[in-house]
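J.: A single structure is presented below for examination.
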Amino acid sequence: MRKHTLTGNIKRHRAFPSTILGNRRDILVYLPPGYRRSPWGRYPVLYLHDGQNVFNAATSFSGVEWGVDETAERLIRTKNIEPLIIVAVANVGEDRIHEYTPTPGTVDVSAKGKKLSKGLARLYGHFLMDELKPYIDRKYRTRRGPEFTGLGGSSLGGLVTLAIGVLYPHKFSRLIVMSPSIWWDNFAIYRLVDSIDEKPRVKIWLDTGTAEPGWEQARELRNRLVERGWKLHKDLEYTEIKGADHSEAAWAARVEPALRFLFPPK
């Protein structure tokens, strides 16, 4: 049994149901320091995919967590970011590939008996917007507008974050896009970004590690976002981490700068 590593005031909602997706998943909610003492206070909210890996080494598939709870706790207490609520949304195992991809496609082109994804990112986005977010807004003291609502993930979680942010900017305006799986479906995310007619008011953290296969694709994604109107160091922060690989430990190291960029102190 791995040791649990939860830090701070974290609430668990087991088997949260989705009518839209026809499944259930665990939800963990981190509440910032001072939440209990300030019954009038309201807070921005960051939703993170692959919730098993966000707070707890005991549930992370690799045994390594992102440490978002410890990092947020420290940054809030030292007033380096604004206090926020963080919602860790668990994936649902084998269906993760379906929910985190914006288009149908082949999961592994080299494998025998090719497995196909259903490309359910839009439905997953509606689960977040129409089922989970209203529940969180009722249950906790949130600031509900899109300008106060963030979304984040890595790998396929980074891919679905950017896709949902482009498709539904009226709901999510702060995005953490770590090591996104840009290769998916012959670079479908490039086509989605290129289809933007009017740049939405969305702030993006985008990164990659230079030890990741195809890491240069993130640089091309940055360029396409800039062409669509994003301004580097203003509403787009792009970082290449020398020698960083595609792993939970690598993403954990980038939680702090991402939170500082997207949730600076008031």
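J.: Is the chain rounded, prolate or oblate when judged by the Cα gyration tensor, a ≥ b ≥ c being the square roots of its eigenvalues, rounded requiring a/c under 1.5 and prolate requiring a/b larger than b/c? Intermediate results must be reported in sequence, preceding the final value.
T.: Working: a/c = 1.38, a/b = 1.24, b/c = 1.12.
Rounded shape, in that the Cα axes give a/c under 1.5.
J.: Can you spot the lysines whose alpha carbon is less than 18 Å from Lys79's alpha carbon? Ignore those fewer than 8 places along the same chain.
T.: Excluding near neighbours in sequence, the set is Lys266.
J.: Run the accessible area of the chain with a 1.4 Å probe and give the carbon-and-sulfur part as a rounded percent.
T.: 52 percent
J.: Based on the mean of other Cβ atoms within 10 Å per residue, sort peptides 164-176, 181-193 so the most packed one is first. Don't skip to the end; give the middle numbers.
T.: Details: 164-176: 21.8, 181-193: 17.5.
Output ranking for 164-176, 181-193: 164-176, 181-193.
J.: For the range 108-230, what's the relative contact order in percent, using C-alpha pairs closer than 8 Å and at least 6 residues apart? Write out the running numbers ahead of the final one.
T.: Details: 151 pairs, mean separation 23.7, N = 123.
Normalised by residue count, the contact order of the range 108-230 is 19 percent.
J.: How high is the relative contact order of the chain, in percent, counting Cα pairs under 8 Å that sit 6 or more residues apart? Working shown, then result.
T.: Values: 534 pairs, mean separation 46.9, N = 266.
It rounds to 18 percent for the chain.
J.: Separate question: Starting from the Cα gyration tensor of the range 168-266, take the square roots of the eigenvalues, sort them a ≥ b ≥ c, and report rounded, prolate or oblate (rounded when a/c is under 1.5, otherwise prolate if a/b is larger than b/c, else oblate). It would help to have the intermediate numbers written out before the result.
T.: Numbers: a/c = 1.89, a/b = 1.11, b/c = 1.69.
Taking the square roots of the gyration eigenvalues as a ≥ b ≥ c, the range 168-266 is oblate.
J.: Could you work out [θ]222 nm for the chain from helices alone, using -39500 (n - 2.57) per DSSP H run of at least four and dividing by all its residues? Round to the nearest 500 deg cm²/dmol.
T.: -7500 deg cm²/dmol
J.: OK, next. Quote the accessible area belonging to Met129 in square angstrom, nearest 10, computed with a 1.4 Å probe and with ligands, DNA and RNA left uncounted.
T.: Roll a 1.4 Å probe over it and Met129 shows about 10 Å².
J.: In whole Å, how far is the Cα centre of the range 189-266 from that of the range 1-25?
T.: Distance between centres, Cα-based: 27 Å.
J.: Label the range 1-47 by shape, choosing from rounded, prolate and oblate, from the square roots a ≥ b ≥ c of the eigenvalues of the Cα gyration tensor; if a/c is under 1.5 it is rounded, and otherwise prolate applies when a/b is larger than b/c, oblate when it is not.
T.: Oblate.
J.: If I take R0 = 25 Å and measure r between the Cβ atoms of Asp194 and Glu240 in this structure, what FRET efficiency does the formula 1/(1 + (r/R0)^6) give, to the nearest 0.05?
T.: Here the calculated transfer efficiency is 0.70.
J.: Would you mind calculating the gained length between Arg14 and Arg143 on full extension (0.36 nm times residue separation, minus the Cα-Cα distance), in nm to one decimal?
T.: Details: separation 129, 0.36 × 129 = 46.44 nm, distance 2.37 nm.
Full extension of this stretch gives 44.1 nm more.
J.: Another question, then. Show me 246-258, 24-36 ranked by packing, highest mean number of other Cβ atoms within 10 Å first.
T.: 246-258, 24-36
J.: In square angstrom, what is the accessible area per residue of the chain with a 1.4 angstrom probe?
T.: Dividing the accessible area of the chain by its residue count gives 46 Å².
J.: Count of lysine pairs in the range 189-253 with Cα atoms under 19 Å apart, counting only pairs 8 or more residues apart in sequence or on different chains?
T.: 4
J.: Can you give the relative contact order of the range 21-111 as a percent, counting alpha carbon pairs under 8 Å and 6+ residues apart?
T.: Relative contact order here is 38 percent.
J.: Which order, highest average first, do 46-54, 199-207 follow once you tally other Cβ atoms within 10 Å for each residue and take the mean per peptide? Don't skip to the answer; put the middle values down first.
T.: Working: 46-54: 25.0, 199-207: 20.0.
Highest-to-lowest ranking by the protection proxy: 46-54, 199-207.
The values are calculated or read from the model by the stated rules, or taken from the named source; none is laboratory data. Not measured: the values here are computed from a predicted model. Neighbour counts are summed over all protein chains in view; Cβ atoms, including those assigned to glycine, are modelled from backbone coordinates with ideal geometry. These accessible areas exclude ligands, DNA and RNA; they are computed on the full protein's heavy atoms, side chains included. Shrake-Rupley method; radii C 1.70, N 1.55, O 1.52, S 1.80 Å.
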